[in-house]
1. Does Gln71 satisfy the condition of being surrounded by 10 or more Cβ atoms within 10 Å (Cβ to Cβ) and at pLDDT 95 or above?
2. Quick one: count up the residues across region 112-125 that are surrounded by 10 or more Cβ atoms within 10 Å (Cβ to Cβ), under 25 Å from the mean Cα position of the chain (by Cα) and free of Cβ contacts under 8 Å to residues at least 12 places away in the same chain.
3. From (1) open to solvent by 90 Å² or more (accessible area, probe 1.4 Å); (2) in contact with a strand residue (DSSP E or B) (Cβ under 6 Å, 6 or more places away or on another chain); (3) under 21 Å from Leu41 (Cα atoms), pick out the condition that doesn't hold for Tyr87.
4. Kindly indicate whether any position in region 91-111 is in contact with a strand residue (DSSP E or B) (Cβ under 6 Å, 6 or more places away or on another chain), at pLDDT below 95, surrounded by fewer than 11 Cβ atoms within 10 Å (Cβ to Cβ) and not in a loop (DSSP other than H, G, I, E, B).
5. Looking only at residues that are assigned to a helix (DSSP H, G or I) and open to solvent by less than 80 Å² (accessible area, probe 1.4 Å) in region 57-68, which one is nearest to Val45 (Cα to Cα)?
6. So which residues in region 21-49 are open to solvent by 40 Å² or more (accessible area, probe 1.4 Å) and at pLDDT below 80, if there are any at all?
7. Which ones in region 28-56 are farther than 15 Å from Phe81 by Cβ and in contact (Cβ under 8 Å) with a residue 40 or more places away in the chain?
8. When residues of region 72-90 are filtered for being assigned to a helix (DSSP H, G or I) and touching a residue at least 24 places away in the same chain (Cβ under 8 Å), how many remain?
Amino acid sequence: MKLTTETAFSPLSEKLRRGELLDANCPSREVLKRLTSRWSLLVLVALEEETLRFGELRRKIGGVSERMLAQTLRYMEEDGFVERIAYEVVPPHVEYRLSPLGQQVRGQVAGLADWIEMNLHQIMDHRRDFASAPEREN
């Protein structure tokens, strides 16, 4: 896929209409996969307005394993969403913050996070109704 100014700034709906994200060979799929993982989204929310050390970030994001957080941060740093700041001190001191690109995408996922929180009761009601419904045949 050749990136042009037009394709780089087209809204997602335009890209979907053209089928680029639906193309199995489009590199945007890997970015989409990494960025929309549960842990990546939570890192974006957790680092919204502050710089945090690894342990602080892990405590803020309840339930994430050390290994999964390290992998998520590595991917997010590789993709340019997170900046890793290492201080030359003993013991080692490393902090994480959102890059300018990370701030931009955080703004995009903030709406999704807000929407989920505002509609959680309705979603949970649907899940409960679905679970109690008679068995469905495919």
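1. On the way: surrounded by 10 or more Cβ atoms within 10 Å (Cβ to Cβ): yes; at pLDDT 95 or above: yes.
Here the answer is yes, as Gln71 does meet what is asked.
2. 7
3. (3)
4. no
5. As a first pass, look at region 57-68 and keep what is assigned to a helix (DSSP H, G or I): 57-60, 66-68.
Filter once more, keeping what is open to solvent by less than 80 Å² (accessible area, probe 1.4 Å): 57, 68.
Working: Leu57: 11, Met68: 17 Å.
The selected residue is Leu57.
6. Leu22
7. Residues satisfying the conditions are Glu50, Arg53, Phe54.
8. Going through region 72-90, the residues assigned to a helix (DSSP H, G or I) turn out to be 72-78.
When the remaining residues are screened for being touching a residue at least 24 places away in the same chain (Cβ under 8 Å), the result is 72-73, 75-76.
Total meeting the criteria: 4.
The values are calculated or read from the model by the stated rules, or taken from the named source; none is laboratory data. Here the structure is a predicted model, which means the values were calculated and not measured. Methodologically, a virtual Cβ is constructed for each residue, glycine included, from the backbone with ideal geometry; neighbour enumeration extends over all protein chains shown. Remember, those area values only see protein heavy atoms, side chains included, never the ligands or the DNA or RNA. Shrake-Rupley method; radii C 1.70, N 1.55, O 1.52, S 1.80 Å.
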